[in-house]
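To keep things clear, I will list the structure first and then write my remarks on it.
The values are calculated or read from the model by the stated rules, or taken from the named source; none is laboratory data. Just so it is clear, the model here is predicted, and its values are computed rather than measured. As a convention, Cβ positions derive from the backbone with ideal geometry for all residues, glycine included, and neighbour counts pool all protein chains shown. Each accessible area value is taken on the protein alone, full model and side chains, heavy atoms only, with ligands, DNA and RNA left out. Shrake-Rupley method; radii C 1.70, N 1.55, O 1.52, S 1.80 Å.
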Amino acid sequence: MPSLTRPGTPPGDTPLSPHPSAPALPSPDDAVAHTLLNCLLREVSGPERQTVVADGHLLLRLPRRGVLLRVALRRTSLLGAHRFTGPVAEQRDGGWPEVDWRRLAAYTHDELSLRTGVRNEEFLEQIASSHEAISTALATRPDSAQDAYVASEQSLLLGHRFHPTPKARTGDPRSWAAYAPEAGASFPLRHLAVRAHLIAEESAADWATAALDGRRADVPDGYRLLPAHPWQYESLRDHPALRAALDSGDVIDLGPGGRPFAATASVRTLYDGETFLKFSLNVRITNCLRKNSSYELSGAVALTRALAPALADLAERFPGSAVLREPAYRTLALPGPDGTPDRALFEGFGVIVREGLPRRLAPAATPLLAAAVADEYPSSAAHISHLLGDGDPLAWWSAYLDLLVPPVLAAYFDHGLVLEPHLQNVLVCVDADGMPAQVLFRDLEGTKLLPEHHADTLAALPSEVAGPMTYDAQRGWDRVVYCLLVNHVAELLAALADLHPHAEAALWARVRDTLRSYADRHGCPPRLAALLAGVPLPAKANLLTRWERKADRDAGYVRLPSPLAEDILRDTTGSDR
């Protein structure tokens, strides 16, 4: 495996050059167009049987708009998640003229308007915002990063390839560069000293409180330290209640200081090498306004407490995996006109403490963001093309699946716990040879409980905290299968198949073997039996969710033909397995 800098390596190490067989990064125009086609293929034209692969191209019809589109293929996919190359064209006047991303966006807008009977005035603007962010990211890629892990977090230049606006964001574009992971952002926090009675917090671990208190030595007696994301502070500094508190001395602005924090892929979660801090940002990124709602603040600590027995069991049974806990939050509780804490400030300054890597990372392992390992285009040394080198892809893949899949299934079936192991929520930890040694799961915001397993825990919590913390069994299973198999496994498998195109069916066979092995040891629950029988796989409908302006929690699913059925794999591989 090529050398990866370990955590703590000084800045200045240059990422490795792309793997020789890996495709070059696309232009911003092609990146946006391909992403829109991915969404249309998965959610609109594919389910309506308006697509065909022929002569090295995908043909895709928008039936209501009456447009036939074409794009060249680098590689086809058993899941239908094909790889595109070059510009998109449309059939017109007896030829195939190119379609730029703006026209394709307009066609998509028109098709969805006709399909749903409603319009979305934000849609084209959000696509343009995403295009602008991708253009900026590709033009201003940093030459180095603090270490291999941070480099992986900051390498996602194009974003989610099945989201229509993966890099859309509100806020002043001129401010983004200072805080964007794609720009290699690292900066000191803003710190406020707040009179102790105006602090709201919960903590399930003494170290988590100390991680907040120990960041500045200039906090006056009777005050508590509240770190703030500097961008969020700028957006809230003129709030009347905060201005009054600053004027009265109830809040003291200590200014920026302390060790710098690096922006991770989520933008609002920052890391200093020891602790993650998840801040609120009054900025909409992709679908959502990225703030910590009051129920999410309490919910993170409540889940950390409630999940302790389950996570201890999983850690004992699956020592190659761990979950990063979120044992504390702190925020500003300035009273509003009705005497209760002002909500905009309470949620706007809420910060969640998440365990840092030193608390869970296996010795001598290098952590890397799974989304960077699985990226369609290698943009950092974390990419699978660098980890694998000339190694055996099936050996690497089997080792990884054995670490990733069993604990997620056990969490659901044995503990009624819905983990959310999508690519941005998992860290792949590799040894010195680039082989998988450990997986780390993170972000309790997406972790949910099945009520039938956790009735007592949920009954003890306020309803506004307990409600968002739950999924029913079917919705929880859809979320697990989507995040684990469609978002994560399928995309990392695709990156391996890009390097070894003839191995795709064998890679899927290894996924089936891993599921089958777990089922054989644990009684093959009916939902898992259905998965092995080839039931269609749920894929989150990001395009339709964005179009309908739904909350992420209310996102629907489309069903994809599964490549897991034994007869499909036998027909594809020619094996009797």
Among the residues of the range 181-199, count how many are open to solvent by 20 Å² or more (accessible area, probe 1.4 Å) and touching a residue at least 12 places away in the same chain (Cβ under 8 Å). 8
Looking at the range 239-252, is at least one residue under 30 Å from the mean Cα position of the chain (by Cα) and either over 30 Å from K167 (Cα atoms) or not hydrophobic (A, V, I, L, M, F, W, C) (or both)? no
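Are there helices (runs of 4 or more DSSP H) fully within the range 473-576 with at least 3 residues that are over 30 Å from H454 (Cα atoms) and of a type in the set (D, E, K, R)? List them. Before you say what the answer is, go through the steps one by one.
Details: elements: 473-481, 490-499, 504-521, 526-532, 542-547, 566-573.
Per the criteria, 504-521, 566-573.
Would you mind finding the one in E452, E464 that is over 15 Å from S321 (Cα atoms), in contact (Cβ under 8 Å) with a residue 40 or more places away in the chain and surrounded by fewer than 18 Cβ atoms within 10 Å (Cβ to Cβ)? Show your work before the answer.
Details: E452 fails: in contact (Cβ under 8 Å) with a residue 40 or more places away in the chain.
Of the residues listed, the single one that is over 15 Å from S321 (Cα atoms), in contact (Cβ under 8 Å) with a residue 40 or more places away in the chain and surrounded by fewer than 18 Cβ atoms within 10 Å (Cβ to Cβ) is E464.
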Sole exception among (1) open to solvent by 10 Å² or more (accessible area, probe 1.4 Å); (2) under 16 Å from the mean Cα position of the chain (by Cα); (3) not polar (S, T, N, Q) for P421, by number: (1)
Any residue in the range 532-550 that's aromatic (F, W, Y): show its pairings with residues that are modelled with pLDDT of 95 or more at Cβ separation under 6 Å, as long as the two are six or more apart or on different chains. W547/L112
Pairing a residue in the range 389-401 that is surrounded by 13 or more Cβ atoms within 10 Å (Cβ to Cβ) with any residue that is acidic (D, E), where Cβ atoms lie under 8 Å and the two sit 6 or more apart in sequence or on different chains, gives G391/D433; S398/D513
